[in-house]
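This report refers to the structure that appears directly beneath it.
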Amino acid sequence: MNACSETLGHTAMIIELFGPPGAGKTTLLRGLCREMAKHGINVKTVNGYRLIEYGAVQDDSPEVRHAIGRIGRKIATSGPVLLSTLPKDGVAARLLASIPLRSLTWSWRMKVDIALLCESWRQAQESEGYFIFEEGLIQALCALVLLARTPSIDVVRDCLTFLPRPDLLIQLDAPQETLRRRLMDRHAQQPLLEVLLFELGVDRGLRQADISREIGECLRQDGWPLIQINGAEPHDFGKVITRVLEERETAPSLAI
């Protein structure tokens, strides 16, 4: 049974990406959508603040994707979630209780993001087809550890026992200097308000790279369906596409 919600059947294939900012998640997402479309596979993309989008490829640039409109969407979805009480036995409440954050502001934001992610998981698992989470629950776990009061690898391992497992988990990483350059370029292109509200900053982004690597090792040891990708070479989709096609062959309900 999925930890986010109870479902009657599993007819969806869920793929989740995670890695530090600047590792190439959006680039990989777009490439995967294009390559899967060549094999007749239609993909629905998912991000926490955008929920599920029924378009195979997003053509907007990072500057547009992270533009001022994102602030309006975030505000519109935040209010009802912030005022709600999360189910105590649900993933969102358990994650936030397991890893208390230093900042009340970040606690509010992570409550919204994780609650929306769980809702997206519920929608995906109750649907049919292929879903790619650009930033899913493992990404949220990495962010929580980064912002935590007293992060602990033991707490991370405990959290992994109740997080729902995707059918395929793709970890992206890149050399530290590549990440630094990309993060500095990204921040230079974004409006100041956008940076203040949504971004972690260059130093925190680089710290999250170390956290992602540690969590990736935990996932590997625990037998999660993990593929590791070098984000400095984002066009190497072969092993991911091969894995997706293998999954389709063994899951008749997902046949196109």
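Only the coordinates and a few stated rules stand behind these numbers; no lab work does. The model shown is predicted, which means the values in this text are computed figures rather than measured ones. Every residue, glycine among them, receives a Cβ derived from its backbone with ideal geometry; neighbour counts consider all protein chains shown.
Treating cross-link reach as a plain straight distance, find the lysines whose alpha-carbon is under 20 Å from the alpha-carbon of LYS88, omitting any fewer than eight places away in the same chain.
Partners found: LYS111.
Length gain on complete extension for the stretch GLU126 to ARG213, per 0.36 nm per residue less the alpha carbon to alpha carbon distance?
Length gained, GLU126 through ARG213: 28.2 nm.
Determine which residues of segment 131-151 fall in the zone a paramagnetic label at ARG102 would reach in this model, i.e. backbone nitrogen under 14 Å from the point 7 Å along Cα→Cβ.
Those under the cut-off are 144-151.
Leaving out same-chain residues fewer than 8 places away, which lysines sit with a Cα under 19 Å from that of LYS239?
Within reach: LYS25, LYS38.
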